[in-house]
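K.L.:
Below are the structure tokens for one structure; questions will follow.
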Amino acid sequence: MNKVAIVVDSTADLTKELYEKHNIIVVPLLVNIGGNTYEDGKEIDSEKLYALVSEHDELPSTAAVSPQKFIETFEPLIESGHDIYFVGIGSKLSATLQSVILASQELPENRVFYSDSNNLSSASGLLALKAAKYRDEGKSAKEIKELIDKIAPKLNSVFAIETLDYLHKGGRASGTAKILGKIFRIHPLIKVVDGKLIVYKKPRGRMSTALDELVNEIQGDLPKVDLERVMITHAGVDQENLDYIVEKLGQIIEPSSIYVTQAGAVISSHCGYGTTGILYLRK
């Protein structure tokens, strides 16, 4: 049986330490701003992104990885005796998976396997970590795909948005919604449902109220939550708010199960500073 290489795109939003520890290969998506294109995670992170948004007074656009880029990534791995397993941002949110499919058609048959996470950010990262675990248990790329396809629908991802400015700049919130959001201090919760983003709830008041709602979401799923890893992923956040949600979550699950990661520039481009999510798998 061939060795297995686990590949993700940069929206998996895991830490460098997790990628290295579990031998996960990352292919960067692209961020366009100020007339320049940057590779997510290599040439730009969320801090640099926010600085460029302020400098150019524009919201960035993002782009999927081309099929050619995936061919260039996969081909040497196949030649060195690896089969490929890929999981990344959901197909309803990005053309990235389509690029993987097109790339696989240009490569030897039955050497590239993939799953649609129907999700984003560290939710797909959780699937990649499961895939790495299965690989280390000796499973083939095909077996890994079959297992991940079964658990991907069990992902739950909910994000609290601190400010509507980015959604407004990107045309995803009207000027009226932005103004009313500030007046009534609304911090909408965005949830991934059937591979799409929906407004789930609209808590009012301090950001801590929205963070409480995130914790309530996972508490409502206990004891069905897979506690191997629960992700808190943020697009840059005030330390006070980060400490708050880590402490609150640590009151209902073992703190050792909590992994804090920072979203890359692509995810941050669409939600803005302060966005904080809890992402986990149900058993």
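K.L.:
Considering only the range 34-46, how many residues are in contact (Cβ under 8 Å) with a residue 40 or more places away in the chain and within 17 Å of the chain's Cα centre (by Cα)? It would help to see each step written out before you state the result.
P.N.:
Just the residues of the range 34-46 that are in contact (Cβ under 8 Å) with a residue 40 or more places away in the chain, to begin with: 38, 40-41, 44-46.
Still in the list and also within 17 Å of the chain's Cα centre (by Cα): 40-41, 44-46.
Here the count works out to 5.
K.L.:
Just checking: which of the helices (runs of 4 or more DSSP H) contained wholly in the range 96-172 hold 1 or more residues that are of a type outside the set (Phe, Trp, Tyr), modelled with pLDDT of 95 or more and over 16 Å from the mean Cα position of the chain (by Cα)?
P.N.:
Details: elements: 96-104, 122-136, 141-151, 165-169.
In the range 96-172, the matching helices (runs of 4 or more DSSP H) lie at 96-104, 122-136, 141-151.
K.L.:
Can you name every residue in the range 58-91 that is out of contact with any Lys or Arg (no Cβ under 9 Å at 6 or more places or on another chain) and part of a loop (DSSP other than H, G, I, E, B)?
P.N.:
Pro60, Ala64, Val65, Ser66, Ile89, Ser91
K.L.:
Also, quick follow-up: Which residue, of Ser61, Ser115, Ser104, Ser94, is in contact (Cβ under 8 Å) with a residue 60 or more places away in the chain and in contact with a strand residue (DSSP E or B) (Cβ under 6 Å, 6 or more places away or on another chain)?
P.N.:
Details: Ser115 fails: in contact (Cβ under 8 Å) with a residue 60 or more places away in the chain; Ser104 fails: in contact (Cβ under 8 Å) with a residue 60 or more places away in the chain; Ser94 fails: in contact with a strand residue (DSSP E or B) (Cβ under 6 Å, 6 or more places away or on another chain).
The unique qualifying residue is Ser61.
K.L.:
Here is a follow-up. Kindly evaluate Lys224 against the criterion of being closer than 30 Å to Ser61 by Cβ and surrounded by fewer than 18 Cβ atoms within 10 Å (Cβ to Cβ). So that I can check it myself, show each step before the final result.
P.N.:
Working: closer than 30 Å to Ser61 by Cβ: no; surrounded by fewer than 18 Cβ atoms within 10 Å (Cβ to Cβ): yes.
No, not satisfied.
K.L.:
Right, something else. Looking at the range 206-218, is at least one residue under 26 Å from Ala132 (Cα atoms) and either in contact (Cβ under 8 Å) with a residue 40 or more places away in the chain or assigned to a helix (DSSP H, G or I) (or both)?
P.N.:
Residues of the range 206-218 under 26 Å from Ala132 (Cα atoms): 218.
Checking which are either in contact (Cβ under 8 Å) with a residue 40 or more places away in the chain or assigned to a helix (DSSP H, G or I) (or both) leaves us with 218.
Yes, the conditions are met somewhere in the range 206-218.
K.L.:
Moving to a separate point now. Does Thr11 satisfy being in contact with a helix residue (DSSP H, G or I) (Cβ under 7 Å, 6 or more places away or on another chain), surrounded by 14 or more Cβ atoms within 10 Å (Cβ to Cβ), in contact (Cβ under 8 Å) with a residue 12 or more places away in the chain and not hydrophobic (A, V, I, L, M, F, W, C)? Steps first, please.
P.N.:
On the way: in contact with a helix residue (DSSP H, G or I) (Cβ under 7 Å, 6 or more places away or on another chain): yes; surrounded by 14 or more Cβ atoms within 10 Å (Cβ to Cβ): yes; in contact (Cβ under 8 Å) with a residue 12 or more places away in the chain: yes; not hydrophobic (A, V, I, L, M, F, W, C): yes.
So Thr11 fits the description; yes.
K.L.:
Determine if the range 184-202 includes at least one residue that is in contact (Cβ under 8 Å) with a residue 40 or more places away in the chain, within 19 Å of Ser122 (Cβ to Cβ) and part of a helix (DSSP H, G or I).
P.N.:
Among the residues of the range 184-202, not one is in contact (Cβ under 8 Å) with a residue 40 or more places away in the chain, within 19 Å of Ser122 (Cβ to Cβ) and part of a helix (DSSP H, G or I), which makes the answer no.
The values are calculated or read from the model by the stated rules, or taken from the named source; none is laboratory data. For clarity, every value in this text was computed on a predicted model and none was experimentally measured. Here the Cβ is made from the backbone with ideal geometry for all residues, glycine too, and neighbour counts use every protein chain on show.
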